[in-house]
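No value in this document is a laboratory result; all are computed from the given coordinates. The shown structure was predicted, so the numbers you read here are calculated from the model rather than taken from an experiment. Using ideal geometry, Cβ is built from the backbone for each residue, glycine included, and neighbour counts are taken over all protein chains shown.
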Amino acid sequence: MSTLIVYYSYTNNNRILATHLQQQLDADLTEVIPKRKRFKLSILFDLLFKRRPKIQPIKEQWSSYDQIFFIAPVWDMQIAHPMKTLLDQLKDENLPRFSFATLCSGRQGQQKSLEQQLQQHLGKPAEQVFQLEINELLPPEQKGKVQYTSTYRIDAQRIHAFDDQLTQLIESITSTDKHQKHADA
Ligand SMILES: Cc1cc2nc3c(=O)[nH]c(=O)nc-3n(C[C@H](O)[C@H](O)[C@H](O)COP(=O)(O)O)c2cc1C
């Protein structure tokens, strides 16, 4: 099974998730890079004005992969805008099946919203949408408090706190692959 992981990350959390999964899945990896340097204010303006920041071109043979994995932060329930720019560009591509994962704070109702956004941008549903929630790593007194959740930075060691979920994630992709092969046979 060939997998391409495409990620965007502003403060590195999702970069660490993407590189971790790349190793686990033996996948190819490519990064969404905005054309102009981004600041916190850029994120705010993206959200306020629903902007789509320009990104550097990504030249991938999308249809040559068995599946694509998109990875990006969530900002105010929205998939990070540089990733949205790419998703819009891919709407008419012959994309293979795709999934989405994010290392985010965690917020109620977000799962459905992320599924809907992917459907809207790409015109077909994601196979899987995974949220790894920073809230789960915080002590009780810090859970759900934006000053702790939005400033939390994971590293290559701490990502192992999600090992159980990451194993499930990898298994579900592998079993989807087996199911697909069975259906195609
Ligand atoms: C302005 C802002 C808004 C955010 N909104 C949400 C949100 O609605 N839901 C959520 O789960 N996380 C939210 N987060 C948390 C980020 O998704 C989280 O910090 C993420 O790990 C950052 O990824 P990165 O380091 O790859 O850029 C927000 C963070 C910022 C800075």
- Item | Long-range HN-HN contacts of F98 with modeled amide H, under 5 Å | I68, E127
- Scoring only Lys, Arg, Asp and Glu (+1, +1, -1, -1) among other residues with Cβ under 11 Å from the Cβ of P125 yields 0
- Query: Do any GluC sites (Glu not before Pro) in region 24-96 lie in a DSSP loop with no more than 16 other beta carbon atoms within 10 Å, and if so, which?
  - Reply: E60, E93
- Filtered trypsin sites (Lys or Arg not before Pro), region 80-171: DSSP coil and at most 11 other beta carbons within 10 Å: R153
- Message: Connecting C-alpha atoms closer than 10 Å in a GNM of the chain, tell me which of Q157, Q56, Q24 has the biggest fluctuation.
- Response: Q157
- Message: Treating region 20-110 as a set of equal point scatterers at the Cα positions, no solvent, please give the Debye-formula log₁₀ I(q)/I(0) at q = 0.16, 0.17 Å⁻¹.
- Response: -0.75, -0.84
- Spatially proximal lysines relative to K37 (Cα-Cα < 22 Å; intrachain offsets below 8 disregarded): K50, K54, K59, K84
- Over every pair of different alpha-carbon atoms in region 3-177, take the mean of 1/r and invert it; report that Kirkwood radius in Å. 16.5
- Say we join alpha carbon atoms closer than 10 Å with springs in a Gaussian network model of the chain; which of T149, T167, T85 then has the biggest fluctuation? T167
- Item | Antiparallel bridges, percent of DSSP beta bridges restricted to region 3-177 (to nearest 5) | 15
